[in-house]
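Presented below is the structure to which this report refers.
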Amino acid sequence: MTAKAVYSGGCQCGAVRYRVGGELAYPHLCHCRMCQKASGNYALPLGAARRDDFELTRGAPSWFHSSDLVRRGFCAACGTPLFYDIPGADFINVTLGSLDEPMSVQPVAQSNLQGKMPWFHALDTLPVEPDGEASDRASTIRASNHQHPDHDTEAWPQEKSHD
């Protein structure tokens with residue numbers, strides 16, 4: 001017997017968390033203009049979770065009806081895009097970048113290519129900035145990071161010690 005896949009994820013601040021206790025179907029990159037605007041990016045990676053396998057584990061998203069058919073779920077506190085939902089459908093799409101382990105789900109397709117940036121093919125030819133892990137700026141960001149960790153927590157934000 002094969003174990004069921006389990007995915008967890010949530011927003012940047014940790015106010016909204018979710019779990020998917022099954023496969024994410026049709027992981028893909030959507031290039032439509034609506035997904036670009038909803039994500040603030042050039043494309044939106046999505047994967048479909050069966051509603052029976054999906055649960056909110058902390059908080060509740062806010063919703064924006066981007067069309068008469070679709071609503072978009074996001075965290076009202078930090079703005080992270082989380083869900084693409086067609087009310088009444090037996091699935092809900094989660095944004096793959098909001099998964100705790102986004103590298104665990106590889107897209108199998110792309111959709112709405114009319115909106116795809118015509119220069120995507122050239123990304124690997126661009127100069128690469130060196131990793132800034134050792135820089136003062138990177139150290140300051142790491143030391144003052146308010147982002148929720150990539151795993152479930154009992155509570156968030158964490159209690160600060162009162163030394």
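The values are calculated or read from the model by the stated rules, or taken from the named source; none is laboratory data. Please read these numbers as outputs of a predicted model, since none were measured by experiment. Positions of Cβ are generated from backbone atoms using ideal geometry, with glycine treated the same way; all protein chains shown enter the neighbour counts.
Among the residues of segment 65-91, those identified as of a type in the set (A, V, I, L, M, F, W, C) and within 19 Å of Pro107 (Cα to Cα) are Leu82, Phe83, Phe91. A count restricted to segment 8-60 and to residues that are of a type in the set (Phe, Trp, Tyr) and in contact with a Lys or Arg (Cβ under 7 Å, 6 or more places away or on another chain) stands at 0.
Matching residues to (1) assigned to a strand (DSSP E or B); (2) closer than 18 Å to Ser111 by Cβ:
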position	(1), (2)
Glu23	no, no
Leu29	yes, yes
Asp52	no, no
Trp63	yes, no
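Here Glu55 clears all of (1) buried (at least 16 other Cβ atoms within 10 Å of the Cβ); (2) modelled with pLDDT of 95 or more; (3) within 16 Å of Asp152 (Cβ to Cβ) except the condition numbered (1). Can you find a residue that is surrounded by fewer than 16 Cβ atoms within 10 Å (Cβ to Cβ), under 30 Å from Pro157 (Cβ atoms) and touching a residue at least 40 places away in the same chain (Cβ under 8 Å) anywhere in segment 104-123? Looking through segment 104-123, at least one residue is surrounded by fewer than 16 Cβ atoms within 10 Å (Cβ to Cβ), under 30 Å from Pro157 (Cβ atoms) and touching a residue at least 40 places away in the same chain (Cβ under 8 Å). Against the condition in contact with a helix residue (DSSP H, G or I) (Cβ under 6 Å, 6 or more places away or on another chain) and more than 15 Å from Arg17 (Cα to Cα), how does Gly88 come out, does it pass? No; evaluated as a whole, the condition is false for this residue.
Taking the criterion of being farther than 12 Å from Gly10 by Cα, in contact (Cβ under 8 Å) with a residue 40 or more places away in the chain and either outside any strand (DSSP E or B) or not hydroxyl-bearing (Ser, Thr, Tyr) (or both), the residues of segment 78-100 that qualify are Asp90, Phe91, Ile92, Asn93. Give me a count of the residues in segment 1-52 that are buried (at least 16 other Cβ atoms within 10 Å of the Cβ), over 26 Å from Ser144 (Cα atoms) and of a type in the set (Phe, Trp, Tyr). Of the residues in segment 1-52, 1 are buried (at least 16 other Cβ atoms within 10 Å of the Cβ), over 26 Å from Ser144 (Cα atoms) and of a type in the set (Phe, Trp, Tyr).
Counting the residues of segment 107-145 that are of a type in the set (A, V, I, L, M, F, W, C), in a helix (DSSP H, G or I) and under 25 Å from Leu24 (Cβ atoms) gives 3.
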